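Step one of this worksheet: look at the structure below.
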Amino acid sequence: MELSIAAIMSIIALCIVVIISCINEDLHVGFLAVAFGIIVGGLWGGMTGAKVLGYFPVSLFMILVGVTFFFGMAQTNGTMEKLTAYSIRICKGNTAIVPLIVFVLTTFVTTIGPGNIAGTALMAPVAMAIATRIGMPAFLMTLLVVGASNGAAFSPFAPTGIISNGIIAKMAPQLGIAADALNGLAWKIHFNSEVAQSFANIGGFFILGGWAWIKKQRGETLDINELAPKPEPFDKHQWLTLSLVGVLILAIVVPGLPGFKGIFPKTILNLLSNVGTVAFMLAAVLMLTGSGDSKKAIKVMPWGVIMMVCGVTVLIEVMDKSGGLNAFIKMIGAISTPTTVNAWLALITGVISAYSSSSGVVMPMFLPMTPGLIQEIGGGDPIAIISSINIGAHLVDTSPLSTLGALCIACAGDHEDKGKLFRNLLIWGLSMSVVGAIICYVFFGLLGF
């Protein structure tokens with residue numbers, strides 16, 4: 001395989017970006033990726049700097065900004081915190097069902113829009129405090145919280161799901177996917193993530209002591225007001241916020257349902273074109289009614305991740321135009337078949353993601369390879385390949401090297417041996433690259449899930 005200088009330099013640039021993302025968190029690889037894209041494109045690719053900047057994914061950027069700003073308002077006005085507190089009280093002091101409540105609640109909170117990082121940030125302090133009170137090891141609680149938040153991360157309303165779906169929408173013509181099928185595809189990928197993540201993390205919970213803990217807790221009760229003190233009632237602004245979260249979900253889901261196609265006039269559909277446009281309008285309602293603090297919301301938005309995704313996307317576009325992306329595809333295709341490609345992708349993305357950003361670096365790097373890989377290996381299911389990349393990249397995030405694992409360690413009770421917890425989560429997280437490969441091989445390669 002003969003490569004041009006531009007292709008070789010684009011591959012070197014991407015490798016440098018990935019290595020930096022693994023060893024130095026102080027350097028923002030999104031901005032580095034844009035700079036490297038301009039250099040490679042200008043010196044070897046025959047591209048002007050302005051043309052390289054034109055590869056910036058404006059649509060994806062705006063969708064991410066709209067959704068994270070809206071949920072930033074919901075987070076800073078106390079709505080999500082109270083929702084979490086009220087939901088925990090469902091167990092009514094029955095300690096044996098606390099793991100189920102925590103898993104389901106984390107899944108729900110992440111699915112409706114805040115995403116896996118915000119969902120974990122909301123749940124980790126509450127879940128770890130409860131773990132201390134009911135005598136559950138912090139390691140087991142971490143598997144539940146991180147497993148649930150990552151499983152739900154690919155919700156079409158959550159930032160990670162938006163990143164995945166944005167890249168998929170761009171590839172859709174090459175994959176032969178019709179525009180009106182994208183909404184259903186997004187939910188299928190979300191479902192695949194839920195199943196795979198739940199299988200790994202709930203399985204780990206039961207095998208590593210969770211089942212024994214539940215059997216020990218049967219019949220045990222605690223005062224629910226001690227376990228989860230009743231918060232103040234929702235105020236009018238928080239009720240409005242909850243209502244608008246419901247509107248956001250309905251506005252995206254309902255127009256795509258079979259029985260509702262053609263009912264809405266084109267002017268309404270123009271407003272509901274994607275989750276970002278709806279989120280901007282609903283955020284405006286919160287601002288104009290005094291139901292949220294826009295300055296606080298802007299501060300809690302994940303700007304670093306947003307710019308990381310967009311910056312790496314620019315460099316990947318330069319790679320594509322230079323032939324470097326095709327070279328990567330041929331390397332993976334050389335060791336893969338339509339069945340085993342799912343295992344290889346999950347393994348490779350898992351190893352890289354253990355030290356780098358799952359959604360900020362790994363997904364923008366690997367998802368665009370899907371059409372080329374299918375052509376290179378002579379077949380394969382695009383949904384399975386996409387799911388394997390997404391799951392492999394996120395299954396390792398229980399590791400304390402990731403934001404999610406680190407949040408749980410930070411919130412663990414003072415009685416916990418933090419050094420031991422760090423080692424256990426690191427071993428578990430790194431092992432998930434292999435476990436993820438096996439799961440994706442079986443679920444998507446052999447069973448055609």
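If you go through the range 288-316 and keep only what is over 24 Å from Thr79 (Cα atoms) and crowded, with 21+ Cβ neighbours inside 10 Å, you end up with Met308, Val309, Cys310, Gly311, Val312, Thr313, Val314, Leu315, Ile316. Scanning the range 73-93 for residues that are more than 24 Å from the chain's Cα centre (by Cα) and either farther than 15 Å from Asp223 by Cβ or not small (Gly, Ala, Ser) (or both) yields a count of 5.
Looking at Glu194, Glu226, Glu232, just one residue is acidic (Asp, Glu) and closer than 30 Å to Gly372 by Cα, and that residue is Glu194. Only residues that are more than 17 Å from Ser4 (Cα to Cα) and touching a residue at least 60 places away in the same chain (Cβ under 8 Å) were counted across the range 37-53, and they come to 2.
Which residue is nearest to Ile386 (Cα to Cα), if the candidates are limited to the range 349-374 and must be of a type in the set (S, T, N, Q) and assigned to a helix (DSSP H, G or I)?
Thr370
The criterion of at least 2 residues that are closer than 30 Å to Trp428 by Cβ, in contact (Cβ under 8 Å) with a residue 40 or more places away in the chain and touching a Gly at 6+ places or on another chain (Cβ under 9 Å) is met, among helices (runs of 4 or more DSSP H) falling completely within the range 169-238, by 182-205, 211-217.
Do you know which of the residues in the range 429-448 that are hydrophobic (A, V, I, L, M, F, W, C) and under 19 Å from the mean Cα position of the chain (by Cα) is modelled with the lowest pLDDT? Looking at residues that are hydrophobic (A, V, I, L, M, F, W, C) and under 19 Å from the mean Cα position of the chain (by Cα), I get Leu430. Of all residues in the range 94-122, those that are surrounded by 19 or more Cβ atoms within 10 Å (Cβ to Cβ) and among the aromatic types (Phe, Trp, Tyr) total 1.
Looking across the range 292-307, just one residue is modelled with pLDDT of 90 or more and over 23 Å from Val245 (Cα atoms), and that is Met307.
Looking at Leu282, Leu272, Leu248, which is the one that is surrounded by 15 or more Cβ atoms within 10 Å (Cβ to Cβ), outside the structural domain of Leu27 (by TED's automatic domain parsing) and under 30 Å from Ile97 (Cβ atoms)?
One residue alone meets the criteria, Leu248.
Only one of the numbered conditions (1) over 14 Å from the mean Cα position of the chain (by Cα); (2) surrounded by fewer than 17 Cβ atoms within 10 Å (Cβ to Cβ); (3) under 28 Å from Ala96 (Cα atoms) is violated by Phe191, and that is (1).
So that you can scan it fast, the table gives a plain yes or no per residue for (1) crowded, with 19+ Cβ neighbours inside 10 Å; (2) farther than 30 Å from Trp303 by Cβ:
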{"position": "Thr337", "(1), (2)": "no, yes"}
{"position": "Ser358", "(1), (2)": "yes, no"}
{"position": "Phe366", "(1), (2)": "yes, no"}
{"position": "Thr398", "(1), (2)": "yes, no"}
{"position": "Ser402", "(1), (2)": "yes, no"}
{"position": "Ala406", "(1), (2)": "no, no"}
{"position": "Glu416", "(1), (2)": "no, yes"}
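Could you tell me which residue of the range 333-344 is farthest from Ile389 (Cα to Cα), considering only residues that are more than 24 Å from the chain's Cα centre (by Cα) and in a helix (DSSP H, G or I)? Across the range 333-344, the extreme among qualifying residues is Ala334.
The values are calculated or read from the model by the stated rules, or taken from the named source; none is laboratory data. Because the structure is predicted, anything quoted here is derived from the model rather than measured. Counting neighbours? That spans all protein chains shown, and the Cβs are built from the backbone with ideal geometry, glycine included.
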